[in-house]
1. What FRET efficiency would be calculated for the residue pair A:Arg370, B:Glu4, taking the C-beta separation as r and a Förster radius of 56 Å, to the nearest 0.05?
2. Antiparallel DSSP bridges in the protein assembly as shown: what percent, to the nearest 5?
3. Apply the a/c threshold of 1.5 to the C-alpha gyration tensor of the stretch A:185-264 and tell me whether it is rounded, prolate or oblate.
4. Cut-off 10 angstrom, C-alpha nodes, Gaussian network model of chain B. Which of B:Ser37, B:Ser18, B:Ser29 fluctuates the most?
5. What's the average, rounded to a whole number, of partner chain beta-carbon atoms within 10 Å of each residue's beta-carbon in A:137-147?
6. Name the trypsin sites (Lys or Arg not before Pro) in the stretch A:18-94 that are in a loop by DSSP and that have at most 16 other C-beta atoms within 10 Å, would you?
7. Calculate the tail of P(r) for chain A: the fraction of all Cα-Cα distances greater than 41 Å, expressed in %.
8. Averaged over peptide B:52-65, how many Cβ atoms belonging to another chain are found within 10 Å of each residue's Cβ?
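A short reminder: the numbers here are calculations on the coordinates, not readings from a lab. These figures come from a predicted structure and were not determined experimentally. Note: ideal-geometry Cβ built from the backbone for every residue, glycine included; neighbour counts use all protein chains shown.
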Amino acid sequence: MDNVFAFDVLVVGAGPAGIAAAFGAAESGARVGVIDDNPRPGGQIWRGETQQRADHPEAKSWLEKFARCPIEFFSSTEVVDQIDRGHLLAQSHDGPREFVCKKLILCTGARELFLPFPGWTLPNVMGAGALQALAKSGLSVSGKKVVIAGSGPLLLAVAAYLREHGADVRLIAEQAPWHRLARFGISLLLQKNKFVQALAIRRQLADIPYKASCWPVRAAGNGKLESVTLRCGDRTWQEPCDYLACGFHLLPNTELAALLGCEIRGGFVRVNHLQQSSVSGIFCAGELTGIGGVDASILEGSIAGYAATGQDARAAQLSRQKARSENFTAALRRAFALRPELRASVSPDTIVCRCEDVPLARLRSCASWRAAKLQTRCGMGPCQGRICGPAVEFLLGWKTSSVRPPVFPVPIETLARAPVSQFSRPSEENLIPHEEPR
Amino acid sequence: MPEEISVTVNGAHLNVTSGMTVLAAILSSGAHGVRKSVKGELRGPLCAMGICFECRATVDRRPHTRTCQLLCAPGMEIRTDG
């Protein structure tokens, strides 16, 4: 059949973890394929970096290795279903593609967690990483007034990037309290590299107010954002701005791993010390297994690449360095845990599901996520609950994970490619048995 | 220097640098929103990384295209008005 590609090892995702995995696997002489849904390799963190021009020396070095190593790269291609074990259905701009592989390494990364508040659906209210991605993709932010809000170290990185590109960054609002941030700072001291990076960013941003225990409660404007109301302790005030870049830390993209049957625990794919998931032949690396940042992703990617190609000694040797990145992951989780007051800003008419325009009041009248899907179409739009699901988990405490193929909306020509039974089988078969609450 | 290419956004010509995403081109054209929601609200991008589907537009007559993950190409016809 046309457009069927066979590999010893297939890597899904070409961010730092996927690049390291592909490079490690290719060293064994295995035939390696890499798929990414973006036009270029690098993932979100290395977006816009190229071998010729990179701001980060590490990005440059890995992108050069990636370009040099004998792998086949499929850009703008996303996996939508499993036709059979080791046989994936994907779609690209040129139509459907099939991939057959002996070993699979999933490096599908993370997205931002978005929490609803009145006005969050106004144009120019977007994720923190989103505005950075847009700036890296050619949108000029020069002279624009930007408020950065939400949670996590990404806010600082975004502030530094936007400011370097001419934005007038008015304020960084971090919902976590100072005492947790301070403890996180102390844990960074134990890792010299990260501490030096953090200090450098902080120095660069010295004149931008950084407020802890501060979060957006309302965005307002006529047709587009004009101001955001922020809350800090008992004080609320309005901040005029052109953009509100707001994300509440990161969430792993576990949908494909769940579809393939990998066990998910506490929201992340469970892996052993060699990045092997609960499904034999499927390895997972990077943010998918715990939000640990770029260093952990490269480390885990390398381990997965070696382990998937029988280079077990090298994988095991690297695996000993994992303890340190696991500590960092745990410190991040503790520091940037969400405060319950964030639920209070949502009003009954605040839209929670943006695909289907479902407000909170309609969800409140439902007994569960399943009931809400049936009665309101919440989570039934094209994002398939990727945005509203995590928000609903936080707001209403419902368990919302339910993955069924195709994991992204596809044109009918792609569906026609898969055996009909693939799309009519009972969804329970594809569900992970159970997921512990986070 | 990055090369300049010409696209159209809702029929109007726009010069962009090659490597720019279609979403960045739409927002650079002066539009704030990209699509109308099911209840008719104007929406702009939320995630800009292929997850939220708020940046869907019609590109070269292909509807529902996620514009954040697509690079501009010479002569591309981009429509956000249905």
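1. 0.65
2. Close to 55 percent.
3. On the way: a/c = 2.41, a/b = 1.19, b/c = 2.03.
Here the stretch A:185-264 falls in the oblate category.
4. Largest GNM mean-square fluctuation: B:Ser37.
5. 4
6. For trypsin sites (Lys or Arg not before Pro) across the stretch A:18-94 that sit outside H, G, I, E and B with at most 16 neighbouring Cβ atoms in 10 Å, the list reads A:Arg53, A:Arg85.
7. Value for chain A (Cα pairs over 41 Å): 14 percent.
8. Mean partner-chain Cβ count within 10 Å for B:52-65: 3.
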